[in-house]
Amino acid sequence: MAQNIALYGGEKVKTTPFGTGMRFGQEELTELKEALEQNSLFYWYGNKVKTLTERFREMYQMPYCVAASSGTAAIHVALGACGVTVGDEVITSPITDMGTIIGILFQNAVPVFADVDPNSYNMDPKSIEERITSRTKAILVVHLTGGPADMDPIMEIAKRHNLKVIEDCAQSYLATYKGKLCGTIGDVGCFSLNDYKQISAGDGGLLITKDAGIYHAALRFADKNYQRLADQGSLNRDIPFIAPNYRMNELTGAVGIAQLKKLPWICARRNAIGERISAAIKDLPGIEPPKVYDGCKSTYWFYMFRINEGLAGVSPAKFSEALKAEGIPNMLGYIPNCVYEYEIFRNQSGYPGSHCPFQCPKNGTTYEYKTGLCPTAEDVLRTSIRFGISEFYTDEDVDAIIEAITKVSAFFAESK
């Protein structure tokens, strides 16, 4: 007989606090002190941003790395450096943060949303191909939750249609796809250093590429289109087109250097925790762990699993409530709705008082964003439960998560 759950008066599984730790310490303070002692916090005169980009480039075994002021900025820089412009379309995921989308709109291009795989939550290559038109310029792949998207068919599609591929790796540091690091497979890989990622510098972004042309364009695009490379002469203010100021400062770079040293351990621990949970719950009725493709590795920015109500005997909302009662904080879904259901897309109002870029003369296309556009993505958000993972969790913390999920599952499976 299943054990009575805490929601209905049973004994609570998790009665002690989850393990915590200090993300920042003496290493960051040492780097910050050195940055201040340079007497300049401007990236071009200091050494911290340059060191960060060099070390990140080396970690990912890529020839080029550019720093930016945020992960959102890194994606915008990548789009600009890849030539995305007015009237273009960029295919991306409907389950993501607005940071993925903002750069598309600022380039006066139009986001087109592809549906997702039901268990990896990442873009479905078949849906991507169905969305390609004569205006498509790029595919902006989101490696959601720390797990890699299915890149082989995506790259094959991109090659066949002559499209750029930009990887949004904000949630997927050191995740791998068939032995390749996410961010090294497409034309550009973009990363975030905001406070809610595997490592943090408060904010900041990094992008990596193998393409020298994209690298030079990205350096300029992140810096008001100024040309600063030493091998191209002195500062050149001959501006060919508009570009933002997304420069990273030396303080951000300093913290990033210290954080980068901790990244392998952080990602290894998160992977171990996530994989252990998945292995423990994969056979529970109606419980669907996140799918990680064979030969791939997730670094679990958070953990999200789905509830098949018919098999589990309980709704996702009730399962979530029961899990909270057992002492496991969690929430339904990832974002409330698919991105295309936000007001900005419903009203097609990219700019105040204007319907650009959606209805600009350059487009000549009518776009429609409505519920039902990506049914699998909508179903994923309706049926998922997510909770945080921390590298500071103890083995006992992980035991409690597994025990609570198993206990709640058994109770409702027996009751149905």
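Solvent-accessible area assigned to carbon and sulfur over the chain amounts to 52 percent, based on a 1.4 Å probe. Relative contact order of segment 1-159, taken over Cα pairs closer than 8 Å and 6 or more residues apart, is 15 percent. Placing a label point 7 Å from the Cα of residue 354 along the Cα-to-Cβ line, the residues of segment 85-106 whose backbone N sits under 14 Å from it are 86-87, 105-106.
Model label sites at residue 261 and residue 33, defined 7 Å from Cα along the beta-carbon direction, differ in position by 1.3 nm. Here segment 371-416 and segment 57-130 have alpha carbon centers that stand 28 Å from each other. The Cβ shell under 13 Å around residue 69 holds other residues with a net charge of -1, Lys and Arg each +1, Asp and Glu each -1.
Computed about its Cα centre, the charge dipole of the chain is approximately 620 debye, with only Lys, Arg, Asp and Glu carrying charge at their Cβ. With the charge dipole of the chain set up from +1 on Lys and Arg Cβ and -1 on Asp and Glu Cβ about the Cα centre, the Cα lying farthest toward the positive end among the listed residues 356, 325, 93 is that of 356. Per residue, the chain exposes 42 Å² of accessible surface when a 1.4 Å probe is rolled over the protein heavy atoms with every protein chain present. For the chain, the cysteines with no partner cysteine C-beta closer than 4.7 Å are 65, 82, 169, 182, 190, 267, 296, 338, 374.
As a calculated quantity, the FRET efficiency between residue 324 and residue 126 at R0 = 56 Å, using C-beta atoms, amounts to about 0.95. Can you tell which of 170, 133, 144 lies farthest toward the positive end of the dipole of segment 123-186, using +1 and -1 charges on the Cβ of basic and acidic side chains (Lys, Arg; Asp, Glu)? Positive-end residue among those listed: 133.
Free of any GluC sites (Glu not before Pro) that DSSP assigns to a loop and that have at most 11 other C-beta atoms within 10 Å, the longest stretch within the chain is 12-367.
So if each residue of separation counts as 0.36 nm, and I subtract the Cα-Cα distance between residue 394 and residue 239, what length gain in nm does that give? Extra length available between residue 394 and residue 239 comes to 50.5 nm. On full extension, the segment bounded by residue 311 and residue 61 gains 85.5 nm, given 0.36 nm per residue less the C-alpha separation. Its Cα centre serving as origin, segment 99-212 has a Cβ charge dipole (Lys and Arg +1, Asp and Glu -1) of approximately 300 debye. The residues packed around residue 32, meaning those with a beta-carbon under 14 Å from its beta-carbon, carry a net charge of -4 if Lys and Arg are +1 and Asp and Glu are -1. Specify which residue in the list 371, 79, 182 is farthest towards the positive end of the charge dipole of the chain, using unit charges on the beta carbon of Lys, Arg (+1) and Asp, Glu (-1), about the Cα centre. Projecting each Cα onto the dipole axis, the largest value belongs to 79.
Checking the cross-link pairs 282/407; 12/324; 48/261; 50/261; 282/318; 14/407 against a 18 Å limit on the alpha carbon distance flags 282/318 as lying beyond it.
Taking the Cα centre of segment 1-82 as reference, the dipole from Cβ charges on Lys and Arg (+1) and Asp and Glu (-1) amounts to some 220 debye. Site pair residue 366 and residue 44 shows an inter-label distance of 4.9 nm when each label is modelled 7 Å from Cα along Cα→Cβ.
Calculated mean residue ellipticity at 222 nm for the chain: -11500 deg cm²/dmol, from DSSP H runs with n ≥ 4 weighted as -39500 (n - 2.57), summed, divided by the residue count and rounded to 500. The stretch between residue 3 and residue 224 holds 73.3 nm of extra length on full extension. This uses 0.36 nm per residue minus the Cα-Cα distance.
The values are calculated or read from the model by the stated rules, or taken from the named source; none is laboratory data. Bear in mind the structure is a predicted one, so any value in this text is a computation, not a measurement. Note that each Cβ is placed from the backbone with ideal geometry, even for glycine, and that neighbours are counted across all protein chains shown. Side chains included, ligands, DNA and RNA excluded: accessible areas come from the protein's heavy atoms. Shrake-Rupley method; radii C 1.70, N 1.55, O 1.52, S 1.80 Å.
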